[in-house]
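The values are calculated or read from the model by the stated rules, or taken from the named source; none is laboratory data. The shown structure was predicted, so the numbers you read here are calculated from the model rather than taken from an experiment. Virtual Cβ from ideal backbone geometry, glycine too; neighbours counted across all protein chains shown.
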Amino acid sequence: MKITNGPALKCALAGFALGTGFAVLFTTFGVSLLDLSKGWARLFFYPGYLVGHHTFEIIGYSAAVSLACLTVGVVYSAIASAVAGVLELIRAVMRMPRVA
């Protein structure tokens, strides 16, 4: 299998690394992703909050927080790759010759 869309893959990996990294950094300061107050953190980490909150009773606290951090990374990976794909599409359309 050959992946030809290099910029989208690079952006997806960067989005995953940044999203997961920020979520892990946030939790190392003692703030739980399962109990976020209102504000920027709730908006930024909402996917992790949603997954962690619903899986807490099933898999336990530590595993739910880990899953929440990974979920934030996956969501930001999808957002970054979608943005890169749209930008590549716009760039390709701009290069197309005009038909008169």
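Before we move on, is Val93 outside any helix (DSSP H, G or I), surrounded by fewer than 17 Cβ atoms within 10 Å (Cβ to Cβ) and either at pLDDT below 85 or basic (Lys, Arg) (or both)?
Details: outside any helix (DSSP H, G or I): no; surrounded by fewer than 17 Cβ atoms within 10 Å (Cβ to Cβ): yes; either at pLDDT below 85 or basic (Lys, Arg) (or both): yes.
In short, no.
Answer yes or no: is there a residue in region 7-28 that is basic (Lys, Arg) and modelled with pLDDT under 85. So that I can check it myself, show each step before the final result.
Residues of region 7-28 that are basic (Lys, Arg), as a first pass: 10.
Restricting the remaining residues to those that are modelled with pLDDT under 85 gives none.
No; the residues of region 7-28 include none that is basic (Lys, Arg) and modelled with pLDDT under 85.
Search region 50-78 for residues that are under 12 Å from Ala17 (Cα atoms) and pair each with any residue that is modelled with pLDDT under 90 and outside any helix (DSSP H, G or I) when their beta-carbon atoms are under 8 Å apart and the residues are at least 6 apart or on different chains.
Final answer for the pair search is Cys69/Leu33; Val72/Leu33; Val72/Phe45.
Hey, can you tell me all the residues within region 55-90 that are over 19 Å from Ala14 (Cβ atoms) and surrounded by 12 or more Cβ atoms within 10 Å (Cβ to Cβ)?
Thr55, Phe56, Ile59, Tyr61, Ala63, Ala64, Val65, Ser66, Leu67, Ala68
Checking Leu43 against (1) surrounded by fewer than 14 Cβ atoms within 10 Å (Cβ to Cβ); (2) more than 30 Å from Gly6 (Cα to Cα), which test does it fail?
All conditions pass for Leu43, except number (2).
Modelled with pLDDT of 85 or more and among the aromatic types (Phe, Trp, Tyr) - does that describe any residue in region 60-73?
At the first step, the residues of region 60-73 found to be modelled with pLDDT of 85 or more are 60-73.
With among the aromatic types (Phe, Trp, Tyr) added as a condition, the list becomes 61.
Within region 60-73, one or more residues are modelled with pLDDT of 85 or more and among the aromatic types (Phe, Trp, Tyr).
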